Amino acid sequence: MDVLTNLAQRASNFVLSLEMWDVLDILVIAYLVYRLLLLVRRTNSSRLLKGVLVVIIALWLSSGRLRALNFLLNHIVEWGVVALLVLFQPEIRRVLEQVGSSRLPFLELFSKPQVDRHTIEGAISQTVSACGDMSKSRTGALIVFERHIQLDEVLRSGTKLDAEVSSELLKNIFFVKAPMHDGAVIVREGRVLGAGCMLPLSRNVNLSRDLGMRHRAGIGMSENSDAVVVLVSEETGSISVAVGGMLKRHLMTETLEQLLRNELLPQPEDDGEKNGKKRKGLKSLLAKEKKGGGKEDE
């Protein structure tokens, strides 16, 4: 009882001694740890993290009499920091891009102007029409809708264009004998800026084996940016959408249009209830398709 009373007294004294900056410090550290755990989970780096923890524990245990081992582990840790930076370079870059693309009030002055809503709606309508036709003819397609993170490096890997999004243009680009049909189309602010672009492949080892290179590239693009990627399978003609590393497969054109409108069109902040209904409606559409033979994959 005395021990418990002593612990309770120490805990109360610690809480009473906390200031506002102490609480902020704790919250920031907790958030950083949370983001680190999310990063490890998404990149399947749990084994690497376990190895780092083993080295740190061994370093702590050898700090007494095992001088040679402690000397060796100290040098391993020094070079290990550099090695971790090299290994996690894509993930660190992605996190920094997400932080830079976040909407902060004092950064709104540097953000690009809002695109006309009608332009985006027209691009969505033309894309859905093209994907419906290409699905029937089993023409492979890979269309990337850029959002906040700009894809200038990806654009440099293809042929630069500057044209309005139209169904005929997309079908001509992805025509089997067209020179740019193997790459991806990049759409920015409702306009086609590039075609025949090369996308990074996904590193997720848990993807279904029936997914080809086109789908793995689409998922990889959604993992490395906040883009919305539309895919049409050349083998089955099925329409899919990749967002945030998640792939929704076997979509009908109505569901595709609703999903693109939900992801690409700016939503008013004061219409939270309406947005909730729209997202609920989209989930119901996906549920109906799943019952009808469709499925959603990671």
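The values are calculated or read from the model by the stated rules, or taken from the named source; none is laboratory data. On a predicted model such as this, the values are computed, not experimentally measured, just so you know. Neighbour counts are summed over all protein chains in view; Cβ atoms, including those assigned to glycine, are modelled from backbone coordinates with ideal geometry. Please note that ligands, DNA and RNA were not included when accessible areas were found on the heavy atoms of the full protein model with its side chains. Shrake-Rupley method; radii C 1.70, N 1.55, O 1.52, S 1.80 Å.
Only one of the numbered conditions (1) open to solvent by 90 Å² or more (accessible area, probe 1.4 Å); (2) more than 30 Å from LEU201 (Cα to Cα); (3) modelled with pLDDT of 75 or more is not met by ASN6, and that is (1). Only one entry in ASP116, ASP152, ASP133, ASP162 is charged (D, E, K, R) and closer than 19 Å to LEU231 by Cβ, namely ASP133. Listed by first and then second residue, the pairs with beta-carbon distance under 8 Å, at least 6 apart or on different chains, first residue in segment 135-157 and more than 23 Å from PHE175 (Cβ to Cβ), second open to solvent by less than 20 Å² (accessible area, probe 1.4 Å) and hydroxyl-bearing (Ser, Thr, Tyr), are GLU146/SER225; ARG147/SER225; ILE149/SER225; LEU151/SER225.
Residue-wise test of (1) assigned to a strand (DSSP E or B); (2) in contact with a strand residue (DSSP E or B) (Cβ under 7 Å, 6 or more places away or on another chain); (3) surrounded by fewer than 21 Cβ atoms within 10 Å (Cβ to Cβ).
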| residue | (1), (2), (3) |
| --- | --- |
| MET180 | no, yes, yes |
| VAL187 | yes, yes, no |
| GLY194 | yes, yes, no |
| LEU201 | no, no, yes |
| VAL205 | no, no, yes |
| ARG216 | no, no, yes |
| MET221 | no, yes, no |
| VAL229 | yes, yes, no |
| GLU235 | no, no, yes |
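One line per residue, one yes/no per condition, for (1) in contact with a strand residue (DSSP E or B) (Cβ under 8 Å, 6 or more places away or on another chain); (2) assigned to a helix (DSSP H, G or I); (3) at pLDDT below 90:
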position	(1), (2), (3)
GLN114	no, no, yes
HIS118	no, yes, yes
ILE124	no, yes, no
MET134	yes, yes, no
VAL144	yes, no, no
LEU161	yes, no, no
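One line per residue, one yes/no per condition, for (1) modelled with pLDDT of 80 or more; (2) closer than 22 Å to GLY245 by Cβ; (3) in a helix (DSSP H, G or I):
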position	(1), (2), (3)
LEU16	no, no, yes
ASP22	yes, no, yes
LEU32	yes, yes, yes
ARG47	no, yes, yes
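Please pick out the residue among ALA178, ALA195 that is of a type in the set (Gly, Ala, Ser) and at pLDDT 90 or above.
Result of the check over ALA178, ALA195: ALA195.
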